[in-house]
Structure formats: structure tokens, C-alpha cells
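Report on the following structure.
The values are calculated or read from the model by the stated rules, or taken from the named source; none is laboratory data. Predicted, not measured: the structure shown is a model, and the values here were computed from it. Cβ placement follows ideal geometry from the backbone for every residue including glycine, while neighbour counts extend to all protein chains displayed.
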Amino acid sequence: MLDQTVCQLGATTAAVALLCALTEKGQATDAAASWSRPAVAQGWESAAGAETTTVFALTGDTIINRRLSTFRAPGVDDLFDLIREADAAFTNLETLVHDFTLPGAQEAGGTYMGSPRWIVDELDWAGFDLLGLANNHANDYGAEGMRSTVAALSRNANLVYAGVGENLALARKPGYLDTPKGRVALISTSSTFPPLSIAGAQRKDMAGRPGLNPLRHTLKYFVPQSTYDTIATLQGHVDQNMGEVGSAPLVFHGAEYVVGNKIKIGSKANENDLRELQASVRNARQQSEWVIVSLHAHEAADPRDPRMPAEFVIESARVMIDAGADVVVGHGPHFLKGIEVYKGKPIFYSLGNFIFENELVELQPADSYELLGLDGNSLPSDYYNMRSKNDTVSFPTGRRYWQSVVAQVVYDDNRTLQEVRLHPVSMGFGQPRLRRGRPYPSPANETEQIFNDLQVACAPFGTSVSYENGIGKLLWIG
């Protein structure tokens, strides 16, 4: 059973026996704390058989509330070995580390996120060393929630994070990881966030504002004349020339509307944010051998087909490569999007989920219950049941939210992209709440679904996916 809680195989048989004995007695055991990393990253054999210089393991969103080190399913050990044996391994940590003693912010990024402090050791045990923190949940518990998370991560010397800070400059600052294959810089930014989440600049006469590293953007909706007229009426405009070339733009709720032949959403990155992010990448390029940019973006080009990234997301990712990034890894919508190879560097527009336990957050503030019409006597399980209407709507019903890949990006000795391997992952779609969310290698039927989805998502970017023996390979020209 996927949810059977047994001991993860450790470094020695004796250690495993001791761990199992303690677990059987019901004592609290921290397998993660006893695990130690390999001193040197292991080599990796390419399809051509030659050892390559640098391997990155990349995953999408991690919302973790159960131990990984006690989870067993077929192939799980091999899955985490992929992460541990990489020269650098990344995930987007889309939760906060705190004890639920802090007040929730007035507005959250969805579920008010909170996870136990032991998840830090679990992430280390899994092999991760690069964590993106800029996402729409960074401010769920205000500045103190951010500080609690940073403090918990800072106690583990193996983990490097980026994307939040006490002011804008610190939020934009790269985190640096030293590896035997060179220094790796991580820059983490988000285009999706509640307005009060973003960091503010510090002045010589005024403190900055704690928060995340933002990539703001503006939207332009192309709509039929009839829709435009309705919005203009709502906005209070009556100028009959509105919508014609040269007329004043119609702005409603922060978005611009123009008349078009078909419905389309245009978008553009905030020029100042993009310029400062470019500067961060250029700085990191001078200070490290490798640069990874993490981009958390929910936005899509068309709400009717959310697989295609918004225009500004594509623009920004390419600008990051132009500035010197070696990889752009996207996440946010909780499902896979396409992969592009731009000027020889990979852009993952979304790697979906890796660990998805947003229904196992222990507590929720009153705001969450009130939003669903639940009274003060309601419990967390009541909230999650009501939100998903007992698993009949939202995330529990969407297969794509529970299927993803671990991407291996392989560069050769000349810093040329040699290979992108894609290892399919499932998280228990269709299972009860307690048996879904943790990753394991996909069974054959789900593997086919995952690569079919990726094939469709990659087509607009001129890439495709082949797979053999359950492992995918990205194909590109150039």
C-alpha cells in the first residue's frame, strides 16, 4: 500500500533495524536526522556512456506535511537516489515552517500553509539542497511566518534558499551552493502573489519591507466589441469613440481592455522588476559557475487552455537565459507545462507538483472557515471536506495535479546541454486524502499519460518527448 508507514532503507542494516524497532514501540523517530549526504556527488553515465560534468535534478512544488523517510512504495528508493546523486537538486518549497502560534495574514495565497519544523531534515534526507521560497504562500503568516521559515532552514547547513528577505535587495539576492562541480547560484522570483506579499526597497532614511522577490506584470484583454462595451459601461465610460485607434485605454480592475477579433490575453512584465532580475542574474553569473532561476507563475495565455504560459512568463524566462541563467525552472499551476530549449538552455515552464499535501496542513485560521460558511466549532477535516465537496471538485478530481516528472539536466565538460531526462512521478490520484501527495515512480498507465500530456505541452516550443523503459527524453533541434 502506498501509505504504509514503514522504515526507509538507510545506510546500514543495523540502522534500519533500530529505526523499525523504535517505530514499532511508538517512539518519535527522526530517520532524516540520522542520514548523511555523500561527500562527493556521484558520476552519471549519459546515453553515450561518457561521464558528464554537471547534473541538476529539478522538481516542481513541494507542500510537505508527512515524513518522506518513513514512506515506502515500489521504486521510491531509486526516485530519491536520482535527487541525492545530482550535483545540485532543486524544489520550490511552497509552505512555511512554523508552529501555528502566529496570526494568519489578512489574505493568503490559497490554503494558509504551515508545516512542522522536521520537514527541514526530511528535505535534506531526500537530497534537496536548493529551495525556492518566492511563491504565493510566502506571506500566509506575514513577515513572522517568513522569518520562522528562514530561521528553520538556516539551521541546516546543507540547504540553500532564495526568494525572500527583509527588504527587496535581500529578496532578490541569489543563494549560493558550493559543490564539487562548481558554485551554483539560485535566484527565486514569483509573478503570483497577494499584493501585500512583495518586498519593498530600503532607503538610507527608511527601512525596507520584508517579503518576496516579485515579477509583476500587466494584462491586456482582447475582447469582442460587445464585451468591451459592457466593461466600458461598468467602468462608467460613455465616450462613443472608445475602442478606436488612438482613444484612451480602457482599464478595469488593473487590466487593459481592447477590441479584438477573438478573445486573447496579452501580458507584459514590469520593466523595473525585469531589469532588476536581469541584474541579479548577471551578478550571479560573475559569482558562480552555474545559475538557476526559479519562476513561480500561475498565469496562462488563455484561461480556456491553461497549459500555455502567459506571454510575459515566456518573455521573462528568455530574458533570464539571455542574462546568463543556465536553467529556468518554473512551477505554480500544479501541473506540467511545456519545455523549451532556448539558445541551448532549458526552460521548464512548469514541473507541476512533487509533494502535494495541501490537505494535511494541521490548522487553518478563522478566515478559511468563514470563507466556506463553517462555524467556529468546525475542524480542519471539515474545512478540507467542504472545500473539495468530499473530493468531487478541485484538486482531488484533476489527474494532472497528481502526475509530474523529476527532470535531470545534463551538461557536458564544455557546458553544452547534453541531455534532459524526465522521470515520471505519481502522487496517488484517486486515492483517499491520507494516501495521496507523496511521490513514487509512475506505473505504466500513468507514465503514458504523463508523456502524452508533455508531448502536447511541448509542441508550441519546438520540442518533443520520447520515452523508453519508463524514462523520457527531451528532443530538440539545435
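If a residue has to be farther than 13 Å from Ala323 by Cβ, among the aliphatic types (A, V, I, L, M) and touching a Gly at 6+ places or on another chain (Cβ under 7 Å) to count, how many in region 259-294 make the cut?
Looking only at that region, the number is 1.
Quick one: Val409 ticks every box in (1) at pLDDT 95 or above; (2) out of contact with any helix residue (DSSP H, G or I) (no Cβ under 7 Å at 6 or more places or on another chain); (3) farther than 25 Å from Asp78 by Cα; (4) not in a helix (DSSP H, G or I) bar one, so which box is it?
Here Val409 meets the rest and fails (3).
Take the residues in region 116-136 that are touching a Leu at 6+ places or on another chain (Cβ under 7 Å) and small (Gly, Ala, Ser), then tell me which one is farthest from Ala199 (Cα to Cα).
Result: Ala126.
Asn283 versus (1) surrounded by 17 or more Cβ atoms within 10 Å (Cβ to Cβ); (2) under 23 Å from the mean Cα position of the chain (by Cα); (3) outside any strand (DSSP E or B): which is the lone unmet condition?
Here Asn283 meets the rest and fails (2).
Any idea which residue in region 401-424 is farthest from Glu289 (Cα to Cα), counting only those that are touching a Leu at 6+ places or on another chain (Cβ under 7 Å) and either surrounded by fewer than 20 Cβ atoms within 10 Å (Cβ to Cβ) or of a type in the set (Val, Ile, Thr) (or both)?
Out of the qualifying residues, it is Val405.
Filter region 235-260 down to the residues that are over 17 Å from Pro303 (Cα atoms), touching a Phe, Trp or Tyr at 6+ places or on another chain (Cβ under 9 Å) and in a loop (DSSP other than H, G, I, E, B), then identify the one that is modelled with the highest pLDDT.
Pro249
Confirm whether Ala232 is in a loop (DSSP other than H, G, I, E, B) and surrounded by 14 or more Cβ atoms within 10 Å (Cβ to Cβ).
Criteria not met by Ala232.
So that you can scan it fast, the table gives a plain yes or no per residue for (1) within 21 Å of the chain's Cα centre (by Cα); (2) surrounded by 23 or more Cβ atoms within 10 Å (Cβ to Cβ):
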| residue | (1), (2) |
| --- | --- |
| Met146 | yes, yes |
| Val150 | yes, no |
| Ser154 | yes, no |
| Gly163 | yes, yes |
| Leu170 | yes, no |
| Lys173 | yes, no |
| Asp178 | no, no |
| Leu186 | yes, yes |
| Thr189 | yes, yes |
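Would you tally the residues in region 442-478 being in a loop (DSSP other than H, G, I, E, B), surrounded by 13 or more Cβ atoms within 10 Å (Cβ to Cβ) and among the polar types (S, T, N, Q)?
First, pick out the residues of region 442-478 that are in a loop (DSSP other than H, G, I, E, B): 442-443, 462-463, 469-470, 476-478.
Filter once more, keeping what is surrounded by 13 or more Cβ atoms within 10 Å (Cβ to Cβ): 442-443, 462-463, 470, 476.
From the residues that got through so far, the ones that are among the polar types (S, T, N, Q) too are 442, 463.
Qualifying residue count for the region: 2.
Is there any pair linking a residue in region 355-382 that is among the aromatic types (Phe, Trp, Tyr) and at pLDDT 95 or above to one that is in a loop (DSSP other than H, G, I, E, B) and surrounded by fewer than 19 Cβ atoms within 10 Å (Cβ to Cβ), with Cβ under 6 Å and at least six apart or on different chains, and which?
Tyr369/Ser378
Checking Asp273 against (1) modelled with pLDDT of 95 or more; (2) not in a helix (DSSP H, G or I), only one condition comes out false. Which one?
Unmet for Asp273, out of (1) modelled with pLDDT of 95 or more; (2) not in a helix (DSSP H, G or I): (2).
In region 415-467, which residues are at positive phi and in contact with a strand residue (DSSP E or B) (Cβ under 6 Å, 6 or more places away or on another chain)?
Gly437
Taking the residues in region 172-211 that are of a type in the set (Lys, Arg) and in a strand (DSSP E or B) as candidates, determine which candidate is nearest to Asp124 (Cα to Cα). Talk me through it step by step, then tell me what you get.
The initial filter retains those residues of region 172-211 that are of a type in the set (Lys, Arg), namely 172-173, 181, 183, 203-204, 209.
Next, from what is left, pick out any that are in a strand (DSSP E or B): 183, 203, 209.
Working: Arg183: 19, Arg203: 37, Arg209: 30 Å.
So the residue we want is Arg183.
Can you go through Asn272, Asn213 and tell me which one is within 28 Å of Asn139 (Cβ to Cβ), polar (S, T, N, Q) and touching a Ser or Thr at 6+ places or on another chain (Cβ under 7 Å)? Please lay out each step first, then the result.
Working: Asn272 fails: touching a Ser or Thr at 6+ places or on another chain (Cβ under 7 Å).
Among Asn272, Asn213, only Asn213 is within 28 Å of Asn139 (Cβ to Cβ), polar (S, T, N, Q) and touching a Ser or Thr at 6+ places or on another chain (Cβ under 7 Å).
Go through the residues of region 207-214 one by one and say whether even a single one is over 28 Å from the mean Cα position of the chain (by Cα) and of a type in the set (A, V, I, L, M, F, W, C). Spell out how you get there, then give the answer.
Applying the first criterion (over 28 Å from the mean Cα position of the chain (by Cα)) to region 207-214 yields 207.
Checking which are of a type in the set (A, V, I, L, M, F, W, C) leaves us with 207.
Within region 207-214 (the criterion being over 28 Å from the mean Cα position of the chain (by Cα) and of a type in the set (A, V, I, L, M, F, W, C)), the answer is yes, since at least one residue qualifies.
The conditions are (1) more than 20 Å from Asp124 (Cβ to Cβ); (2) aromatic (Phe, Trp, Tyr); (3) touching a residue at least 60 places away in the same chain (Cβ under 8 Å); (4) outside any loop (DSSP other than H, G, I, E, B), and Tyr221 fails exactly one of them. Which is it?
Going through the list (1) more than 20 Å from Asp124 (Cβ to Cβ); (2) aromatic (Phe, Trp, Tyr); (3) touching a residue at least 60 places away in the same chain (Cβ under 8 Å); (4) outside any loop (DSSP other than H, G, I, E, B), Tyr221 breaks only (3).
Determine, yes or no, whether Asn158 is modelled with pLDDT of 95 or more, surrounded by fewer than 19 Cβ atoms within 10 Å (Cβ to Cβ) and polar (S, T, N, Q).
yes
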